[in-house]
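S.K.: Just dropping this structure here.
The values are calculated or read from the model by the stated rules, or taken from the named source; none is laboratory data. Everything numeric here is computed off the predicted structure, so don't read it as measured data. Counting neighbours? That spans all protein chains shown, and the Cβs are built from the backbone with ideal geometry, glycine included. These accessible areas exclude ligands, DNA and RNA; they are computed on the full protein's heavy atoms, side chains included. Shrake-Rupley method; radii C 1.70, N 1.55, O 1.52, S 1.80 Å.
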Amino acid sequence: EVVQAQKSVPVFDAQDLAVFWVACAKLGYAPRGELWEVLLQDMQRMLPAFTAENLANSLWAFAKLSYTPGEELQEALLVQVRQTLPTFTPQALANILWAYATMGCNPGEKLLKALLYLTWQKSAVLSAQNLADSLWACAKMGYKPRQEPLMALLKEASRKLSDLTVQNLVHISWACEKFDHHPGEELLAALLEETAEVVQAQKSVPVFDAQDLAVFWVACAKLGYAPRGELWEVLLQDMQRMLPAFTAENLANSLWAFAKLSYTPGEELQEALLVQVRQTLPTFTPQALANILWAYATMGCNPGEKLLKALLYLTWQKSAVLSAQNLADSLWACAKMGYKPRQEPLMALLKEASRKLSDLTVQNLVHISWACEKFDHHPGEELLAALLEETAEVVQAQK
């Protein structure tokens, strides 16, 4: 009421407004309607008075409240962030990186590079949480740090292992996977060992949620390092308990990771996974469909004709947006599991593959040809000639 009564004169100063945003975020209550608009206008007017801390706190609060500023305010915020950059504290750096990543607002490579350079320079005084958040945020925004700062931040994280939560450990592992950077056997083993200690200390209460556990499996698979012994068993038990919370994407990613790690779930877990796959079937994305078909085939676990038919029906319906790799993997997986699709979906998938010939690798081409042979299906002279011609071109280019 006070704010709305004095629309033409801001009643907050910069510090108070930043504190107000943070309070709202921590209480989980976003201002609505006219009040929200007036406060945002006030903020834009007084941005030149915002300190680095005010900016970081405000953006952190916006992210917590699931609010993304409009283009004009975003640009104004970026200008002020650049101007106050040298005064950012370690906490403010971590907050602003996390906020931009969470809001889905990429501030641009130049600013990310500058923010990460400062983070690197202050890494010794960053908390374990700050380090994990900073690495996760860069990965989330698709920014891969240079080798030197990345190694320094990971080294600092290894010094603070005992302060990292399971979520922090998952975020660091996931970031390394996204950066296509193996942190080294020593640090990777230490990360997993620390994860094991935290998980084992809380056996009766899962320390992962469904999303984090799926992300953890994928990170382990892509880094080529499987959890061992008691940790593996505890994580599988956690997974079985929380399966009803697994989304289609969580399921597909977890099964893909199991296949990459050459692990086949026991009968009880397999059955529980199948139940959840059936329940989430309508929500599977094209990528998730390809992943789960490939995973079942690779693990040697046939989920049954009824489910395969449903998975392939959805794959057919979404064939136009499947990548060339997805198409090849899906056809190979069906052939590998001895499931021959009906004529209509099979022809549709092959037709879509022919449209994407130039994106197919030699292995993809071999898999499609092999699948046709297993299905006892001639793809037609035109497609067969195109497959062979494309294979020849790829092979000759890589003599």
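S.K.: What number comes out for accessible area per residue over the chain if the probe is 1.4 Å? Units Å², please.
M.R.: I get 48 Å² per residue for the chain.
S.K.: Turning to a different aspect of this structure: With r defined as the distance between the Cβ atoms of Arg278 and Leu73 and R0 fixed at 45 Å, what FRET efficiency is calculated, to the nearest 0.05?
M.R.: Numbers: r = 45 Å, r/R0 = 1.00.
My answer for the efficiency is 0.50.
S.K.: Normalized C-alpha radius of gyration of the chain, against 2.2 N^0.38 Å?
M.R.: So the chain has a normalised radius of gyration of 1.18.
S.K.: Compute the FRET efficiency between Ala245 and Leu388 as 1/(1 + (r/R0)^6), taking r as their Cβ-Cβ distance and R0 = 45 Å, and round to the nearest 0.05.
M.R.: Efficiency computed from Cβ-Cβ geometry: 0.45.
S.K.: If you don't mind, there's one more thing I want to ask. Which value at 222 nm does the chain reach when only helices count, each DSSP H run of 4 or more adding -39,500 (n - 2.57), with the total divided by all residues and rounded to the nearest 500 deg cm²/dmol?
M.R.: After summing the helix terms and dividing by the residues of the chain, the value is -22500 deg cm²/dmol.
S.K.: Label-point separation (nm) for Glu268 and Thr165, each offset 7 Å from Cα along Cα-to-Cβ?
M.R.: My value for the distance between the label points is 3.0 nm.
S.K.: Taking only the Cα atoms of segment 236-299, how large is their convex hull per residue, in Å³?
M.R.: 72
S.K.: How large is the charge dipole for the chain, taken about the Cα centre, if only the Cβ atoms of Lys, Arg (+1) and Asp, Glu (-1) carry charge, to the nearest 20 debye?
M.R.: Dipole about the Cα centre, nearest 20: 140 debye.
S.K.: How big is the charge dipole of segment 268-341 about its Cα centre, in debye rounded to the nearest 20, if each Lys and Arg gets +1 on its Cβ and each Asp and Glu gets -1 on its Cβ?
M.R.: Rounded to the nearest 20 debye, it is 220 debye.
S.K.: Could you tell me how far the Cα centroid of segment 50-83 sits from the Cα centroid of segment 234-304, in Å?
M.R.: 40
S.K.: So which lysines pass the test for Lys140, namely a Cα distance under 19 Å, with those fewer than 8 places away in the same chain ruled out?
M.R.: Cα-Cα hits under 19 Å: Lys64, Lys110, Lys113, Lys178, Lys222.
S.K.: I've got another one for you. Of the listed pairs Lys155/Lys260; Lys351/Lys374; Lys309/Lys356, which have alpha-carbon separations greater than 22 Å here?
M.R.: Lys155/Lys260; Lys309/Lys356
S.K.: Turning to a different aspect of this structure: Which of the aspartates and glutamates could a cross-linker bridge to Lys336, judged by Cα under 20 Å and excluding same-chain residues fewer than eight apart?
M.R.: Within the straight-line cut-off, Lys336 pairs with Glu305, Glu344, Glu373, Asp376.
S.K.: For segment 74-129, with all protein chains present and a 1.4 Å probe, just round the carbon and sulfur fraction of the accessible area to a whole percent.
M.R.: 56
S.K.: Would you kindly derive the ³J(HN,Hα) couplings of segment 20-33 from the backbone phi angles with the Karplus curve 6.51 cos²θ - 1.76 cosθ + 1.60 (θ = phi - 60°), listing them in order in whole Hz, with x for Gly and Pro?
M.R.: 5, 4, 4, 4, 4, 4, 5, 8, x, 9, 8, x, 10, x
S.K.: Restricting things to alpha carbons, find the Rg to Rh ratio for segment 1-135 using the Kirkwood radius for Rh.
M.R.: For segment 1-135, the value is 0.97.
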